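*Asks:* The structure's right below; bear with me while I get my questions together.
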Amino acid sequence: MRLDINEGEEGGSTHLRSSWPGRRTREGRVQKHAPTDSWGVRVSTASKKSLEKVAEEFSKEVTAELEEGRAQALESLEGAGRETSEAVAKIIEAGNKQAESLTRQITGSAELRSRNLQLRAIEDAVGEVFETAMAKVAKASPAEYEKAITHLLTEGVEFIGPEARVGCNAKDKKVVSAVMKKLNHDSSKLTLDDEAVSTIGGVVLTSPDGTVKFDNTFEARLERLRPMLRREVAGLFAGGEA
């Protein structure tokens, strides 16, 4: 507490004034003073308003910084969420692509296996046709066999020409010679080779100079028919699937 001592103008009277607001002096008057802070410093009204304004601005700045920090935090969280979502989407997309690739591989493998089985079945069917044809030739009567040899020789002459050497297996030489005589009577000049041909049946014709050869044995003839037989058998399989 501070005491102010003032001398009066008349008679030099002395007045004691207390620094505490609202205290009475010796004369009983209440002295009013400007408010002070906790340390006894006088604070004017203007200063108080300035302090309040500074405090308010500081509070606004702090609040703004907090809001900015909150916005940055939310933005970071949203960014992390987007990155996570994108990463998950990429993983899912990669998984889907891998699944599609595996599906195509499995489907392609199954289709290839089915195709291979079908081709094997076609070849087996063609082989059965060959075996049936060979069995039929073996069981043919002499007249039927001679007719078949005549047809094979005629095709050979049409391909090589009227002059040609003819080869056959040892078993067929007799019937081939008989057919050659008939064809030679019709202006053909066919000669029978002494060397036997390794074949089930049929004939092989060669030009006189040996440059052209026409294999018209049963085996060669069936081999030439194999592509057509494959198509026909494949058509039968396709018709059965439909």
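The values are calculated or read from the model by the stated rules, or taken from the named source; none is laboratory data. On a predicted model such as this, the values are computed, not experimentally measured, just so you know. Positions of Cβ are backbone-derived with ideal geometry, glycine not excepted, and every protein chain shown enters the neighbour counts.
*Asks:* Checking the condition modelled with pLDDT under 90 and of a type in the set (A, V, I, L, M), which residue from 192, 152, 205, 225 passes?
*Replies:* On the way: 192 fails: modelled with pLDDT under 90; 152 fails: modelled with pLDDT under 90; 205 fails: modelled with pLDDT under 90.
From the options 192, 152, 205, 225, the qualifying one is 225.
*Asks:* What's the total number of residues in the range 185-242 that are part of a strand (DSSP E or B), within 56 Å of the chain's Cα centre (by Cα) and among the charged types (D, E, K, R)?
*Replies:* 2
*Asks:* Sticking with this structure for a sec: So which residues in the range 209-242 are touching a Gly at 6+ places or on another chain (Cβ under 9 Å) and not charged (D, E, K, R)?
*Replies:* Hits for the range 209-242 are 212, 214, 216, 217, 218, 220.
*Asks:* Same structure again: Could you grab the pairs with beta carbons closer than 6 Å, sequence gap of 6+ or different chains, first residue in the range 149-170 and in a helix (DSSP H, G or I), second one not hydrophobic (A, V, I, L, M, F, W, C)?
*Replies:* 152/202; 152/216; 155/216; 156/216; 157/188; 160/207
*Asks:* When only residues in the range 76-90 that are within 29 Å of the chain's Cα centre (by Cα) and among the charged types (D, E, K, R) count, which is modelled with the highest pLDDT? Don't jump to the end; show me each part of the working.
*Replies:* Initially, the range 76-90 is screened for residues within 29 Å of the chain's Cα centre (by Cα), giving 82-90.
Subset that is among the charged types (D, E, K, R): 82-83, 86, 90.
Values: 82: 71, 83: 71, 86: 75, 90: 78.
Among those that are within 29 Å of the chain's Cα centre (by Cα) and among the charged types (D, E, K, R), it is 90.
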